[in-house]
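Report on the following structure.
Read-outs: derived from the displayed coordinates by stated rules, not from any lab. Small disclaimer: the values here were computed from a predicted structure and weren't measured. So basically every Cβ, Gly included, is an ideal-geometry build from the backbone, and we count neighbours across all protein chains shown.
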Amino acid sequence: MSIEKWLMSGVSKAVPLVLMFLMSMMVPLAIHAGHFASESPLQDGPQAAYTGSSSNLSATFSPTSGWTTGGQNVTITGSGFLEMATNNIYDDGLTHSWTATTVDYIQGGYGDQAIAVTSNGDVHIVYWNYDTHELKHAINDGSGWTRSVIVSYSAGSSDIREVEMVVDGSDNLHVAHFVTGEYLHYRHYNGTNWTIPYTTSDVDRWGMDIAVDSNNLARIVYNKPDYVCGGLMLAYDTGSGWTKQALDTSSTLVGCYPSIDVDSNDAVHVAYRDHTNSRFNYITNESGTWDKYMHSNTNTPGYYTQTKVKSNDDVFIVQKNSNGLRYAEGTPGTSWSQGGISGDSADDTSLFLDAFDRPHVLHWKSSTDDLLYSTRSTSGSWATSTVDGTGGNDVGRSNALTIDADHHLHAAYSDHGNKHLRYATMATGLVNNYEITVEFGPYGNVTGTVMDDSTIVVATPVAGSQAESVSLSIWDADGHEHVLADPFQFISPDDPDVDGVLSDVDACPSTWGNSTVDRLGCPDSDGDGTSDLNDAFPTDASEWTDTDGDGVGNNTDAFPEDANETMDSDGDGVGDNADAFPNDGSETVDSDGDGVGDNADVFPSDPNEWIDSDLDGVGDNADAFPTDADETMDSDGDGIGDNADMFPFNAFEYVDSDGDGAGDNIDAFPFDASETTDSDGDGVGDNADAFPNDANETTDSDGDGIGDNADANPTINDFIDTDGDGFPDLVDMFPNDASQWMDADGDGYGDNATGSTADAFPALPTQWSDVDGDGYGDNWGNASWTDARTGKGIGQYVEGAIMADYCPEVAGTSIMDGYFGCRDADGDGIADQFQSSDESNDGQQGDGPVGDGPGTDLGATDQDGDGVMDIADACPNTPAGTEVDGFGCEKEHASFMEGLMSGDQQAVTTTVGLSAVLLAAFAFLQTNAAASVLPDAFRWVQVLRKSNKMSHEEERELGFLKSLVQGFSHNPESLRAELRELKAVLSSRYANNEISKSTLEKLNTLVEDLMVASPEDIKHIAHSDVYFGLSSGTSIEEREAALQMRMAMEAPMDDVSRGGTVPSADVKGSISEEDGHEYLEHPQGSGLYFHRDETGEWQPWQ
């Protein structure tokens, strides 16, 4: 078959392999062609060479000896032998058959599946059930199948196709599959959990495949969407993320049925179909660049392509053309062999190579609906058989194949007729035989059999003619030597005791021996040549004779004929046993037994002494100062001799510099004879320190027990208490009065209520006496009271006095108009003596001491009955029937006053003879601008204004709303509840035609605003007619008048009657602790004071 070749570019194979894959993802594509030659037999890979390196091996063997004639089995026991061994695989030559079982019921009978076997022998199948729309995972650990759902979809939402799986070196599963919507999903299983590390879109369903490299990183080939296939794509894991690239987009319909594998250098190999040119292609980056090889287009090849890399990195490809199932194999860039596998109509193929690189192929025979199996023997012939199927039952249309480490085939496939997922297994006939080389010293290497990881069995080789002990070594598959610790003993038939002395001259022929001096071939344990029988010292190679019988051999004995001596260590001629100093050639005797020879001992008869270093006649052992001739004793052990120690019996002292009898170590002042201790460490001795235990004090000048540093009056005794009341004069405000000591308000009267000159009002400096006990003080601050009070002997005039009792002799509760403490029979706050009654018998009851009078709930007085309460009436005695203005005075001519009160600017500007400020203020009271700041006591002035345009209905409803807000202004939550109820009532009334739409809209608008208003705003709104529309809007003229009023207010005012302003009700004052009323100075610094009345408005206070 002809092959066309195009070579576009190439990269030298000298590129380091570590860079090969990274370069492959970036370099351009080179297109090649080659020739597919005839088939060639499989070749075994190269064997490991001996490297010469060696190490010790911890192992034992049995037996430990054998005949020199060889052939004896030796068992070596250790560990790790399987890893060291060479796995030689043999074909058992037997015929094996498939065994099939059912894994799961898959309803529709079709389902893409993939199969893999982990190193522990567990079989894993991942498959799709079209009818239940589930991707499932089945595991068989030898005890049966367990199934679980990886993911499921609702009917009609998504389907999965092209399920492919591979297992990596760490037994992790890697799965790639197609998902409806042109998606590729990559799934990873770590033995416990499934994850989806990568997905991508723009994927067609015309086949995909997956492989992993030596780093367990996945590589996935797939095709882009088109009518059939839109291009060959590669997605791969870089270790830090995923990327993808196009491998072949040379035509519009290319990349179908792709299959991928990686070689020993992690180079990628892909076979696929070019649908446009009706050929199958092969592409690889083995050279460092992407090289594409294109098959001819004869017989429409390239369907159901499968690719595997052989152990020598050659490539084996299976594909279908119009003549049946075909194969091609070879090395990129060289001639390939190719041929037919089966002439059957083969679809949906699966390929796997065994340990001999023999191909095993599953394929579905569409003409009979059976699953077939084809394999090539080591001789090169192909054989095809049936795995499963009875003809017409549609078995194996989708299938998958793998081989485990024990050379067993495992297949997963669909059984459409029975609606089953099936699993079949069969032995390949290959058998593992683990072998290892054992070296017996100079007699060469023998092949041993590794029975298991801890056992080797090997037969001994033929050795020399004489007995010999040889080393034993094991050579592993990598050529490394492992030396056993113990030797192996070969035994000769002519020397049965294996001592190397032939029996005819061996004095002990049946016993191994090594003696050579007195006899040959007898036991000589110490190897000194003398047999044990004649050796006085059979275990000592240096001795064999003991003349004096003292147990010490003659070779060692310094006195071989003296049984009492054997050694003279110091060579002084005296044996060690008799020598008191056997290692000192200058000494032999120690008379006093002190360990010092008499020759060197200064005190040879005194066992306690032998040297006198300072020559003071006292031996060094007894001499506390052996190098000081002036000292011999140290009674207190302080290192100072008794002769020089001023404190010979005190180990802590030896010097007293100041001669005060206290040693310098303990003396805080060693050079001051008047001090020895400083208890508080302040640098002042205890004798001179007034506070010896207080480091902060040393002196007490005034003798009051407080140190000068802490004493605020260091020269005054702070603890003198003249009156003896327990309070020192320094803090006693009454140092000569034992019943008083505090005066909080500083008025000269003591705070102790039971003491003399007790203060009835300890917090009021202007009050201290309350004769009638009603809580109001006897002093007064109103000079006009002085005449009336003079002579009563109660209280005194005190400027600025507050809480003054107008009736100091009678207990009372009046509070109005500054008249506190008088009788108030009706409890209206007004003193009875200032209240009137109906003296004229005209039927109009006045504001008398009992009962309510007209005007206010508390019965505030209006003596002239003009409607202006006396408290605010500038003319309190206006004749009855007189029309009055807002100040209670007679009203001026209507034409002038009406214009003035209505805010008419012309009336204001043309007025002559009145204070401009007063008129401006009065005009301002008529404007809406004043409404928000006027107290209720003055708002009646606006009644005289022109009527507004509000309907009666609106005025009534708004008036009710204002009353509601006023009633609940101090409880916002209750107010909001009332407002919600009001909205419901208004809606009902509007529906019943009881109120108009405009009224409903106005009220609802105000209600909505009030619902979200703050509590502070509610308090202000509650007293504002303007807010509720109960007074007209402010015109431009009114705003100008208000501006003039504010400007006029900036001028200094003596009091309210001369144009001063009344503060707005929302201005806050101060609560008096004496009477509980609220007071305000307004304007600030003016000296004018106001008090808040019962309506919440400010009133002038005198």
Contour minus Cα-Cα distance for A600 and A825 (0.36 nm per residue):
67.8 nm
Among the aspartates and glutamates, which fall within straight-line cross-link reach of K983, defined as a Cα-Cα distance under 16 Å, with same-chain neighbours fewer than 8 residues apart omitted?
E954, E957, E973, E994, E1001, E1008, D1009
Simple spin-label model, 7 Å along Cα-to-Cβ: T101 to A783 in nm?
12.4 nm
Given pairs K224/K320; K224/K292; K136/K292; K310/K365; K308/K365 and cut-off 25 Å on Cα-Cα distance, the over-length ones are K136/K292; K310/K365
Taking the Cα of A690, stepping 7 Å toward and past its beta carbon, and measuring to each backbone N in the range 709-740: which are under 15 Å?
709-720
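Show me the ranking of peptides 761-774, 331-344 by mean Cβ neighbours inside 10 Å, starting with the highest.
On the way: 761-774: 18.8, 331-344: 16.7.
Ranked by mean Cβ neighbours within 10 Å, highest first: 761-774, 331-344.
Ranked from highest to lowest mean number of other Cβ atoms within 10 Å per residue, what is the order of the peptides 654-662, 248-256?
Details: 654-662: 15.2, 248-256: 20.4.
With the highest mean Cβ count within 10 Å placed first, the list reads 248-256, 654-662.
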Over what distance in Å are the Cα centres of the range 438-505 and the range 953-1025 separated?
117 Å
Compute the distance in nm between two label points, each set 7 Å from the Cα along the Cα-to-Cβ direction, one at A246 and one at E994.
8.2 nm
D660 to S613: extension gain in nm, 0.36 nm per residue of separation minus the Cα-Cα distance?
13.1 nm
Which whole-Hz couplings ³J(HN,Hα) result when phi for each residue of the range 567-575 is put into the Karplus expression 6.51 cos²θ - 1.76 cosθ + 1.60, θ = phi - 60°, listed in order with x for Gly and Pro?
9, 9, 4, 8, x, 8, x, 9, x
Projected label distance in nm at D518 and S974, using a 7 Å step from Cα toward the beta-carbon
13.2 nm
Among 319-327, 787-795, what's the highest-first ranking by average C-beta atoms within 10 angstrom per residue?
319-327, 787-795
Just subtract the alpha-carbon distance of Y90 and F652 from 0.36 nm times their residue separation and send over the number in nm, one decimal.
192.7 nm
Once R0 is set to 25 Å, what does the formula 1/(1 + (r/R0)^6) return for the Cβ-Cβ distance between E435 and A485, expressed as a FRET efficiency to the nearest 0.05?
0.60
Computed from the beta carbon distance with a Förster radius of 35 Å, FRET efficiency for Q796 and M742 to the nearest 0.05 stands at 0.95
